[in-house]
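Remarks on the structure that follows.
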Amino acid sequence: MQAALYEPELGYYMAGKPIFGAAGDFVTAPELSPLFAACLANGIADLLGKSDGGDVVELGAGSGAFAQHVLTSFIARGAPLERYRIVEPSPALAARQRERLANAPETAAHLDRFEWLAEPPAEPWQGVAFANEVIDALPVERFRVTRDGVDAIAVVASGDGFAWQPRPADAALAAGVESLQRKLPSRMPAGFTSELRLVQRDWLAAASASLTHGAILVADYGLPRAQYYHPARDGGTLCGFHRHRRVDDVLAAPGAQDITAWVDFSALAEDATSSGLALGGFATQAHYLLETGIDRELARLAEAANASERAAHRQAAETLLLPGEMGERFKLMALLRGIEVPILGFGFRDLSASL
């Protein structure tokens, strides 16, 4: 999964092919309309106020749409945001983000506020980091529970392609699955197959290591642990996406299709604790957007829109909020360092107890 997504010049995110939007393989929330970023800008502004200001650091900026709309929102409200830093390991995506921000009338005159980094800041900083649909693309290990313990489901060469092959789990995966078993309401039965994201703790530690005061805000699709590993989800969540269609065979076209697995938010909260972060809130995307003012942002956009644009904004709002669309599948989690709760976005219905 690491190679298929991130191998230089060959990986899915590194090769420069269209990924986002109608011409790509999937659409993320910032690309539906400016509504998502406008609401997140309200939440980020609240966090910046509680951290005495600082930078916004976007961990993986996709098409650049979120950065464009957030800075536009800050400029419109006259809020101070001196530096917007984008951590982007893909040179192809970084070039596309620069082009978008340079060509957008709202941000073209403010390019000096943007800075691109290949990895999280090394020097101490304060402010808010944001990761939208980043963790779901971190590599996972597939496993199958056996009567004697656990097998890894490995990838092997097979003819001109690849295939799955069970083999004894190494010590790290075996320990990870056993730890998971102890935390579940009931143990996963023999034959149960799923995935585990062992690299997540190191990713979060690296992302937060130099953050002295502030927050990391995560938006992604996922579930608490007990729901993720429920017997009804035997088989796991690992899949691919190509031309806006789900692909079950993630080995079919390495480098040419997205590969993703849902986020175990219980594990993310635990990994945050091990990195010296505190859980600040956990909510569905719908509840978060409602509390951060999607109704007001929709009305504001409608004032300057024609009838067709207003209809598009309303449709985007429905997609972002409805349970059958993105409203419940996607969650927001705030991880804090030196900030006291409550924070905007998690007062309407905080689901932290479900973790």
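The values are calculated or read from the model by the stated rules, or taken from the named source; none is laboratory data. Computed from a prediction, not measured in an experiment: that's the story for all the values here. Reconstructed Cβ throughout: ideal geometry from the backbone, glycine too, with neighbour counts over all protein chains shown.
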Discussion item. Being more than 30 Å from VAL250 (Cβ to Cβ) and buried (at least 20 other Cβ atoms within 10 Å of the Cβ) is the filter here; which residues of segment 120-142 pass it?
Written reply: GLY127, VAL128
Worksheet item: (1) at positive phi; (2) assigned to a helix (DSSP H, G or I): which one isn't true of ILE75, the others all being true?
Response: (1)
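Mind listing whichever residues of segment 16-25 are surrounded by fewer than 21 Cβ atoms within 10 Å (Cβ to Cβ) and in contact with a Ser or Thr (Cβ under 9 Å, 6 or more places away or on another chain)? Steps first, please.
In the first step, residues of segment 16-25 are kept if they are surrounded by fewer than 21 Cβ atoms within 10 Å (Cβ to Cβ); the result is 16-18, 20-25.
Across segment 16-25, the qualifying residues are GLY16, PHE20, GLY21, GLY24.
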Item to complete: List the number of the failed condition for ALA108; all other conditions in (1) within 21 Å of VAL199 (Cα to Cα); (2) without any contact (Cβ under 8 Å) to a residue 60 or more places away in the chain; (3) of a type in the set (A, V, I, L, M, F, W, C) hold.
Response: (1)
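Among the residues of segment 327-341, are any of a type in the set (A, V, I, L, M, F, W, C), closer than 30 Å to SER210 by Cα, surrounded by 15 or more Cβ atoms within 10 Å (Cβ to Cβ) and more than 19 Å from the chain's Cα centre (by Cα)? Step through it out loud before you land on a result.
Let us first name the residues in segment 327-341 that are of a type in the set (A, V, I, L, M, F, W, C), namely 330, 332-336, 339, 341.
If we keep only those that are closer than 30 Å to SER210 by Cα as well, we get 330, 332-336, 339, 341.
Okay, now just the ones that are also surrounded by 15 or more Cβ atoms within 10 Å (Cβ to Cβ), so 330, 332-336, 339, 341.
The next check asks that each one be more than 19 Å from the chain's Cα centre (by Cα); those that pass are 339, 341.
Checking segment 327-341: at least one residue is of a type in the set (A, V, I, L, M, F, W, C), closer than 30 Å to SER210 by Cα, surrounded by 15 or more Cβ atoms within 10 Å (Cβ to Cβ) and more than 19 Å from the chain's Cα centre (by Cα).
If you take the residues in segment 1-15 that are in a loop (DSSP other than H, G, I, E, B) and not hydrophobic (A, V, I, L, M, F, W, C), which one is surrounded by the most Cβ atoms within 10 Å (Cβ to Cβ)?
TYR12
Aromatic (Phe, Trp, Tyr), surrounded by 14 or more Cβ atoms within 10 Å (Cβ to Cβ), in contact with a Pro (Cβ under 9 Å, 6 or more places away or on another chain) and touching a residue at least 40 places away in the same chain (Cβ under 8 Å): is that true of PHE162 in this structure?
Numbers: aromatic (Phe, Trp, Tyr): yes; surrounded by 14 or more Cβ atoms within 10 Å (Cβ to Cβ): yes; in contact with a Pro (Cβ under 9 Å, 6 or more places away or on another chain): yes; touching a residue at least 40 places away in the same chain (Cβ under 8 Å): yes.
Considered against the rule, which asks whether it is aromatic (Phe, Trp, Tyr), surrounded by 14 or more Cβ atoms within 10 Å (Cβ to Cβ), in contact with a Pro (Cβ under 9 Å, 6 or more places away or on another chain) and touching a residue at least 40 places away in the same chain (Cβ under 8 Å), PHE162 comes out as yes.
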Worksheet, complete the sentence: If we keep only residues of segment 198-228 that are assigned to a loop (DSSP other than H, G, I, E, B) and touching a Leu at 6+ places or on another chain (Cβ under 6 Å), then the residue nearest to ASP271 (Cα to Cα) is VAL199
Item to complete: Test each condition in (1) assigned to a helix (DSSP H, G or I); (2) closer than 25 Å to GLY127 by Cβ for GLY347 and report the one that comes out false.
Response: (1)
Worksheet item: Would you say GLY49 is closer than 20 Å to HIS242 by Cβ and either of a type in the set (A, V, I, L, M, F, W, C) or surrounded by fewer than 18 Cβ atoms within 10 Å (Cβ to Cβ) (or both)?
Response: no
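Given the criteria crowded, with 20+ Cβ neighbours inside 10 Å and part of a strand (DSSP E or B), does ARG85 qualify?
Details: crowded, with 20+ Cβ neighbours inside 10 Å: yes; part of a strand (DSSP E or B): yes.
Here the answer is yes, as ARG85 does meet what is asked.
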Item to complete: Would you check if GLY338 is in the same structural domain as ILE44 (by TED's automatic domain parsing), closer than 30 Å to GLN2 by Cα and small (Gly, Ala, Ser)?
Response: no
Worksheet item: If SER352 passes every condition in (1) of a type outside the set (D, E, K, R); (2) touching a Phe, Trp or Tyr at 6+ places or on another chain (Cβ under 7 Å); (3) within 27 Å of PRO34 (Cα to Cα) but one, which one does it miss?
Response: (3)
Discussion item. On the basis of being modelled with pLDDT of 95 or more, in contact with a strand residue (DSSP E or B) (Cβ under 9 Å, 6 or more places away or on another chain) and aliphatic (A, V, I, L, M), does LEU173 make the cut?
Written reply: yes
Worksheet entry | Hits in segment 240-249 - residues which are in a strand (DSSP E or B), without any contact (Cβ under 8 Å) to a residue 60 or more places away in the chain and surrounded by fewer than 22 Cβ atoms within 10 Å (Cβ to Cβ) | ARG245, ARG246, VAL247
Worksheet, complete the sentence: Among (1) within 19 Å of the chain's Cα centre (by Cα); (2) surrounded by fewer than 18 Cβ atoms within 10 Å (Cβ to Cβ); (3) assigned to a loop (DSSP other than H, G, I, E, B); (4) not β-branched (Val, Ile, Thr), TRP116 falls short only on (3)
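Please state which one of THR237, THR260 is buried (at least 17 other Cβ atoms within 10 Å of the Cβ), touching a Phe, Trp or Tyr at 6+ places or on another chain (Cβ under 9 Å) and closer than 18 Å to GLY176 by Cα.
Numbers: THR260 fails: closer than 18 Å to GLY176 by Cα.
Being buried (at least 17 other Cβ atoms within 10 Å of the Cβ), touching a Phe, Trp or Tyr at 6+ places or on another chain (Cβ under 9 Å) and closer than 18 Å to GLY176 by Cα holds for just one of THR237, THR260, which is THR237.
Which residue, of ALA94, ALA29, is buried (at least 20 other Cβ atoms within 10 Å of the Cβ) and assigned by TED's automatic domain parsing to the domain that holds TRP125? Give the steps one after another, and end with the answer.
Numbers: ALA94 fails: buried (at least 20 other Cβ atoms within 10 Å of the Cβ).
Only one candidate passes the filter, namely ALA29.
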